[in-house]
Every structure is written in structure tokens, then in C-alpha cells.
1. For the range 324-348: of the residues being in contact (Cβ under 8 Å) with a residue 60 or more places away in the chain and closer than 15 Å to Asp359 by Cβ, which is surrounded by the most Cβ atoms within 10 Å (Cβ to Cβ)?
2. Going by the structure shown, is His362 under 25 Å from the mean Cα position of the chain (by Cα) and either surrounded by fewer than 23 Cβ atoms within 10 Å (Cβ to Cβ) or among the aliphatic types (A, V, I, L, M) (or both)?
3. Could you please give the count of residues in the range 24-54 that are open to solvent by less than 40 Å² (accessible area, probe 1.4 Å), part of a loop (DSSP other than H, G, I, E, B) and on the phi < 0 side of the Ramachandran plot?
4. If I filter the range 125-173 down to residues being open to solvent by less than 20 Å² (accessible area, probe 1.4 Å) and small (Gly, Ala, Ser), which single residue comes out as farthest from the ligand (Cβ to nearest atom)?
5. Would you confirm whether or not the range 237-247 contains a residue that is modelled with pLDDT of 95 or more, more than 16 Å from the ligand (Cβ to nearest atom) and surrounded by fewer than 22 Cβ atoms within 10 Å (Cβ to Cβ)?
Amino acid sequence: MSKFDLREYKKVLEQKGRLITIGKEVSIVHEMAAVLKKINGETGVFFAKIKGYDMPAISGLTGNRQDWADYFGTSINLIREKIKEAMENPIPWQVVDKAPCQEVEIDPPANLLDFIPAPKFSEKDSGHFLTAGLVFVKEEETGNMHMSVRRMQVNDDGTLSVLIESPGLWNRYVEAEKQGKDLEMAVVLGVHPLLILASQINSYLYKGDKMAVAGAMAGEAVPVVKCKTIDVMVPAYAEIVIEGKMLAHVRKTEGPFGELAGYYGPASEQPILKITRITHRQNPWFQVIGPGTAEHKLPSALNREVVLYDTVKQVVPGVKDVHITVAGSGRFHGIISINKQFEGEGKTAILAALSSNKDMKHVVVVNDDVDIFDPADVEWAISSRVQADQDVVIISEARGCPLEPSNNIRGVSAKMGIDATYPLKYKEQFARIYIPGIDTINLDEYIKK
Ligand SMILES: Cc1cc2nc3c(=O)[nH]c(=O)nc-3n(C[C@H](O)[C@H](O)[C@H](O)COP(=O)(O)O)c2cc1C
């Protein structure tokens, strides 16, 4: 048994009452997406009956902060510490001879939809998509497996179009292409959520092995097995492995697709994966991530919080907590609490936060008596501790994120910081009202039954 067996993890979620089973038959054309959007990726979901398929599907495994805190045995504000610890103490993956993910081996079908229930999500999507495909390619320089999630359009000629927007994978593809080579690639579906979480580490900033970070998070090496037709290692307990090659010098139109920030990403020419083989567990499960749900946004937010905290800490030693909100697409909005020691630290924290990642757009800095995971408490601080003419910082035309359309030039963005900390000399004036006994009172004892 392995800690990376998704079927075991599903049992844990069931025991905690954190998994909804959808018993009603659902269609993969919009209906599955609508159910996922209603649940918003915050709870595990198991689709037991999918119209036209024998295969069930699992979803909603990465979108709940409390589930992560429970998994790591910590509180929601300290998940970033666990991620950092794992990055600093990785446990290398271990090759196994026999792997559940290779119990069954099949030739690729003429159309992948003949095999797996890839949904059509939003109204104007160009077709059916894989959204939870964990992509593995070999890093020639280290022998590690590069791991990331990419959306994939299912093409009717048996190929998949792959959208690659970060250099971690793109540079490898272009390098292979320059040499006239195809890039061997495995797309893995049905994995333990730790692998998705670790995949979201930005390989620009972290040069280590992401799969070894997932191992450290679990306290046990990820068991891996070599693919049948390509020289790529994949997690042994995956439900489905699609082996193939990303073809050099071939592009196909991909998109539009309803994306992370709630808008359609445009159609563009993208590389394609030619499938060489498929292996899977007996009675495999499909995995799906609802685009734009918490499940889509939180894994990235949690990793970005590690970087945000460290960046702010360099200049404001009294930083207490950081929060990158799911509502801000897990990247645009940062909230920071500080134990303010010197006048000016609120603005200094804003400058550091806005430069911690190009996607960061709006930052709020509060004193450490504010709960940054409670939107009402943050709003209270803004309402009562901010004078807009002194406390709001605006920077025009910095590098931003192309995923949201509010700018004139895609990828160029204004930035704003709100310093909602109070001036140190007025500490007494800003002391919060406290009612003795409120922390221990049990309201149930007072309510007439
Ligand atoms: C559900 C989900 C879907 C994603 N889709 C894409 C995608 O289509 N294209 C892309 O480039 N990144 C996508 N990402 C983000 C990358 O997986 C992420 O940026 C990863 O850290 C990239 O790794 P790298 O820095 O090693 O390249 C997605 C992430 C998640 C969680």
C-alpha cells in the first residue's frame, strides 16, 4: 500500500464526510461542469454514473484549505511552512517493478473520447478537454521528471493539443524541436492531490525535483514506474497513463476555453501530443478539475504564499501571515498581516508583495490583530484604518498576468497596494473592543431549545 494511492485517499475523505457521491447519471456535455461549478471544488466529488461510459470520475481534491491543514496536521495559516519544509527536505522517488497503473495496457483509441469521459465545460469551449492531466517529461540535465498540469483539448484525430504557458515545459519542447526531435511526454490522470500541489511549484524559482517534494509532503517516496513506450517515469498508483510524443514543428488550433479567471482564453496554435500507448488500473477512474473553481486555484495560491511570505520577510521581519485569495484567482490578491515595528512598514510590505510575482495585482496590508483569512475582518480594517489619499499606492503599467482582461495591453497591468495598518503613535486609539469571556462562551447553552 502507498500513501499515494488515490483510492485510499478517497476512503479518508469519505470517513471525514468530505466527499459527495453524485449518484444521478450526468452527461459530459456541460452537465458535469455545471455540477462542479456549483460545488466549486471545495469538496471531493465522485461521479458514479457518466452517460455513455463505464468509467467513474473523481474531482474536488485540492480546493479546500482546511483539508490541506488537516492533511499536514497544522492550521490553515501554516500550510506554507509545510510546503517549504518539504521543498528543503525532498524525498527522491522510488522505482517499482509492478505498478497498478500498468495493470491494463491498450492501444490508443481513434478518438480519446471513445475511452475517457473528458467533459465539455463552458458554452463557447472549442470542444472536450482534460483539465486534471498531470504532465511528465524527463529533464535530461538531472534525470528528474518535470511535473506540471496543462489543459488539453481532445482532437478528433486521436491527438491532444497541449496549452503550455510557462517556461518549465515550453523550453524543453523548443529545445527538442530545435534538434528535430519529438518530446516524450506522459499525461497522468487520477493521482493523489499532493502530486497536483507539488506540481504547482514554479520551476523558475525552485530547481529541485517536484516529485521529491511530494514525497517529502507525504513522508514517503512516490513510487514510480517506467512507461511502456517512452523513457518517462510516472506515479505507480495513477489511474490512467497516456503515453506519447509532443511532435516537433506541428501546431493545431486550441481553444477558446473558459479559464481560471472566469473569462475565455482565446484560440491559438499549440503543440500536439500523439498518443503511443495507454495503460491503466483495473476499472480506472477519470479525474477532472472544474476550471475556475477553488480546486483549480488553491494549489497555485498555496505555493505562491511560500514565496510571498519569504519576500515580505526580507524587508519586514515582523510579517505574521500571508493569504493569496481563491476569489482573486489564487494569484491576483494578496493580504498580509504584520506586527508593525516601524512607521512605513505597511508600504514596504506592499512594495515587496507586488514584486513577489508578476501576477500580484492588489495587496492589502493589515496589523496582526486582523484575521486575514476572514474577508469581513479585512474589510473592517480597510473601512476603519485607511485614508485613501495617504494609504493607497498605485503603480501604472507594470508587468502583469495575461489571464485577466482589464488592461489595455494583455500582460501589462496597474498595481495597487492598500496600507490598512494604523500609525504606531495611535495604537491606543486603534485598540479593538474586547468583551471578557467571549472566547469561551458556548452559545448553545444560552439558546432555548
Ligand atoms: C488545474 C490546473 C490547470 C492548469 N492549466 C495550465 C495550462 O493549461 N497551461 C499552463 O501552462 N499551465 C497550466 N497550469 C499551471 C501550471 O501547471 C503551473 O504553472 C506549473 O507550476 C508550471 O510548472 P513550471 O513552472 O515547472 O513550468 C494549470 C494548473 C492547474 C492546477
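1. Gly330
2. On the way: under 25 Å from the mean Cα position of the chain (by Cα): yes; either surrounded by fewer than 23 Cβ atoms within 10 Å (Cβ to Cβ) or among the aliphatic types (A, V, I, L, M) (or both): yes.
The answer is yes for His362.
3. Step one: of the range 24-54, the residues open to solvent by less than 40 Å² (accessible area, probe 1.4 Å) are 26-28, 32-33, 35-36, 39, 41, 43-47, 50.
From what's left, part of a loop (DSSP other than H, G, I, E, B): 27-28, 41, 43.
Then drop every residue that is not on the phi < 0 side of the Ramachandran plot, which leaves 27-28, 43.
Residues flagged as open to solvent by less than 40 Å² (accessible area, probe 1.4 Å), part of a loop (DSSP other than H, G, I, E, B) and on the phi < 0 side of the Ramachandran plot within the range 24-54 amount to 3.
4. Gly158
5. yes
The values are calculated or read from the model by the stated rules, or taken from the named source; none is laboratory data. All figures in this text were calculated on a predicted structure; none of them were measured in a lab. FYI the Cβ positions are ideal-geometry reconstructions off the backbone, even for glycines, and counts take in every protein chain you see. Each accessible area value is taken on the protein alone, full model and side chains, heavy atoms only, with ligands, DNA and RNA left out. Shrake-Rupley method; radii C 1.70, N 1.55, O 1.52, S 1.80 Å.
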